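Derivation of every value follows stated rules applied to the coordinates shown; laboratory data play no part. Owing to the predicted nature of the structure, the values given are computational and were not obtained by experimental measurement. Neighbour counts are summed over all protein chains in view; Cβ atoms, including those assigned to glycine, are modelled from backbone coordinates with ideal geometry.
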Amino acid sequence: MRLPRIVRKIFATLGITLLVAGCAYYYAITPHHSSAPPESAEGLLDRADTLAWGNRWADALPLYQKAQQLYTKQHQPSKALYAQVSQSPPNESVSIPATLWTLTQDLSQPEAADPETKLRILTIRGMLETNYDASEARSTWQDVATLAVKLRHYEQATRATGEQGIAAFILGDTETAKRQVIRAWGLSKVENDPAATVRYASVFGAGLVQIHRYKEALTPLNQAIKIAETNPEIAYPSIAVDAKIDALTGLHQYDEAIALANALLARLQDTPYDGHKSQVYLSRGTINKERGDWNAAIADYQQSVDFSGKISNYRGVTDAGGLLAQAYQHNGNLPAALTAINRAIDANTKIPDELYLVPRNLAIKAEIIEKMGHAKEADGLYQKSIALVDGMIQHAATTNIQRQLLAEMSDVYSDYFASLCAQKRYDDALQALERVRGRVETEALEHHASQPVHAPTPDEQELIRLNLALINTDDPAARASLTSEIDNTELKISPSALAQETTIHPVHLAEVQRRLSPSALLIEYVLAERNSYAFAITHASVTSYRLPPKAQIESDSNLYRKEIRAQNVDLALAQRLFSELMGPIKEYGQKTDLIIVPDSALHLLPFSALADKGSYVLKTHTVDVAPSSTVFDLLHKRLAQEASAAMPYIGVAAWTQPADRRNPIVRAVSGPERSQLAPLPDSRLEVETIAADLPRPSTILLGADATETRFKHLSLNSTEVIHLALHGYADLDYPDRSALIFAPDPSGTEDGLLQVREIRDLRLKAKLVTLSACNTGVGPVGEAGVANLVNAFIEAGADSVVSTLWELEDHTTERLMTMFYSQLARHDRKVDALRVAQLDLLNQGLPPYFWASVQIVGDPDGTL
């Protein structure tokens, strides 16, 4: 069966992927090597084990059958039982529970006293349990590892450890899972085993697919497929082929993806691999869904459910059944949708330890029965669903995994929000939404003060060394090798205590309204598949507005960003987006200060550059961005407790050397490579001019002095303003690697990359942090927010962060920043100061590219 997307996605963050169904079984049995005649019982067993080692279970099956017959005639019951149980994996058409029961009974037979036979039974049972009951599988694989070591089958023991990790992850024990699978993976690299090479290339490629690096994923996937094709002893690389189908789907190459899925189904047609058939039908159903062919999607999802049900694969029924219910609901067939979701939920009761699909399926059922007129029952299901998600988040090992969980479960929250708004239960609606919005930042604000500061661990020091090496080489092969080492080192770094702390207190509607001035309008957006929503809050009112579907809004938003970055002016598209996002909101014309809580692609949209009747929003409104209403409230509470700063201003400009002025200079790099770090000569003037406008004493780090080490050693917890005029780097695949780039450090104690994971550990009490670098507001987006440098500084203790949504032109940026700070020096509000600076450029006739990139996130109202 196909494991749920959330499980596969999170495992991708650990560098591994869970695909253990059908002929994708991970073979963990050491083959025999004897000199017995090929047609003797021992020779047949040897040949069969060799085939099984290469994952060719179907080819091994007749050999095991013959060996069993011969051993029975020779009155060798232990060997006969060994050969008998080895016939189980290739037959997916039988009930898994029935087979597991038989294997358990076999363990009690006298014949199972032979250690090799006992090991074989345990291994086969573990393989089946991984697809059926992760809790039992974990225990069984522990027994396999212990016995394999006693028998000196060390490769088998290593792989059993990896299988324990897979089971541990399914059960939510991510730290143990990471440790065990990484250990197994590392040990496997010293084995000259093409079957293992195929598996790990497949797993790596599948992991890249799950983090949406589809084009890059095709390289290892095609490599795995090629190795299998040139090594006839290795089985068909089903993991790689299935992941390639998903990669092609992600690249919108639907015809090629469908052709590959059809070819794989044709190959499987006369085989007993029903579990794998179910998986491929699920993939093809998703392709058809994305193409808009809902009837074909229903047919494929139904096939997936049927094949999973045939072999009592409850996990498969649970997954495909939920998708089938959604497809029926889309087509308006509510009775069929209810039948499908009830079957999915019932299947999940057979695997009670595995809860990752329960929230989604409960929310699907809630939406169905609400449409059938049972609002009270639907409300109870939504509440159960959200409670389960909260429990899952409490076991998330890192903030990135938290974000991925929240993003994967986003429909649970948005659907419940829509349901509550329809009932005009607005406070409950806000509470439901705020349990996910800006959650990571909320946790940081509530618990950051108690986080201990620690010296760099050996793994963190190794990461510094690797990052330095990566910066200093442009060789593609060397960079690929170093990136791989960085991946493995990051996996070893234990999460902070904050990542384990997930108790939050969502703000109530009345509290938000008390924080809003008479001129303020807070708009919290919810983008959803069928209808999106704008939740408009003022100090005296609250209204929910229905907006166009998510796909339409995101398409227009992405297109407008593209036009702006090409330095084009497209007032027609700006008007269309205004009509979609602001037009229905009557309070917009009554207020002048906007506080935007974005969702999904709206995190990357410059709202100040939307236009109504030919006039930009900037002309009439200030614009502030908040990760969530709860974060907005917490920042206001913190402002009241702040003391005066000992050092009003820290300015940093590392890349101040003269440059060739014949072409515009941008503060942008596409990767942390030394050759891309162009001089930014105007950055020196920028930080020095700002220093002249602000009270003294101040600290300025310029050129070679502007190292990461020197910056970290400053008294950051007693500074009003931190201004960083640097190069910036946004890593959309691994957001914790996004960084501000300081000057090279001769001591080598730091790598010069102030990365997101390091920023979170800073201790700031700054009223304002300005990131005068490119793409600092960019990052992977989802229901939980955007994972970027800005939110890391908010988590670290900044009240407000000025950030950018695309690359900055050096000279124009210096003018904008100088004007911004001159207004702050006059004690203007932060949002007013930024608006004046942006209007200065707009009034010169410059297009939005030059002024709309800069935005304020956090507290909009404070003064310096």
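Worth pointing out:
- Packing-based ranking, highest mean first, of 528-537, 410-419 given that Cβ atoms within 10 Å are counted: 410-419, 528-537
- For Leu805, neighbours were defined as the other residues whose beta-carbon sits under 10 Å from its Cβ, and their charges (Lys and Arg +1, Asp and Glu -1) total +1.
- Shape call, the range 38-122: gyration tensor on alpha carbons, a/c limit 1.5: oblate
- Here's how it looks for Ser532: its modeled amide H is under 5 Å from those of Leu547, Lys550, which are all 5 or more places away or on a different chain.
- Rounded Å value of the spacing that divides the Cα centres of the range 589-627 and the range 521-537: 13 Å
- When each of the peptides 381-389, 680-688 is scored by how many other beta carbons lie within 10 Å of its residues on average, the order from highest to lowest is 680-688, 381-389.
- For the range 531-585, the gyration tensor built on C-alpha atoms gives a prolate shape. Its axis ratio a/c (a ≥ b ≥ c) is at least 1.5, and a/b is the larger of a/b and b/c.
- Square roots of 5 times each gyration tensor eigenvalue, C-alpha, the range 572-631, largest first, Å: 18, 14, 10
- A cut-off of 5 Å between modelled amide H atoms, ignoring neighbours fewer than 5 places along the same chain, links Ser738 with Asp731, Val756.
- What the phi angles of the range 316-321 give under the Karplus curve with 6.51, -1.76 and 1.60, with θ = phi - 60°, is a coupling list of x, 4, 4, 5, 5, x Hz, glycine and proline written as x.
- With N as its number of residues, the range 293-387 has a Cα radius of gyration that, divided by 2.2 N^0.38 Å, comes to 1.03.
- Prolate/oblate/rounded call for the range 722-765, Cα gyration tensor, a/c under 1.5 rounded: rounded
- Close amide H pairs (under 5 Å, H built 1.01 Å from N) link Ile595 with Leu521, Leu522, Ile523, Asp624, residues at least 5 positions away or on another chain.
- Calculation over all alpha carbon pairs of the range 228-364 in 10 angstrom steps from 0 returns a P(r) of 13, 39, 34, 12, 2, 0 percent.
- Near Phe578, once Lys and Arg are set to +1 and Asp and Glu to -1 for all other residues with Cβ below 11 Å from its Cβ, the sum equals -1.
- A simple count of charges around Lys550, restricted to other residues whose Cβ falls under 9 Å of its Cβ and scoring Lys, Arg +1 and Asp, Glu -1, yields -2.
- Potential lengthening between Asn568 and Lys226 on full extension [0.36 nm per residue; Cα-Cα distance subtracted]: 118.6 nm
- Across the range 258-269, rounded Karplus estimates of 3J(HN,Hα) from the backbone phi angles (6.51 cos²θ - 1.76 cosθ + 1.60, θ = phi - 60°) give 5, 4, 5, 5, 5, 5, 5, 5, 5, 5, 8, 4 Hz, Gly and Pro being marked x.
- Only lysines eight or more places from Lys637 in sequence, or on another chain, were considered; those with a Cα closer than 25 Å are Lys591, Lys765, Lys767, Lys830.
- Among 566-575, 241-250, 293-302, sorting by the average number of other beta carbon atoms lying within 10 angstrom of each residue, highest first, gives 241-250, 293-302, 566-575.
- Under the Debye formula (equal points on every Cα, no solvent term), log10 I(q)/I(0) of the range 295-334 at q = 0.27 Å⁻¹: -0.81
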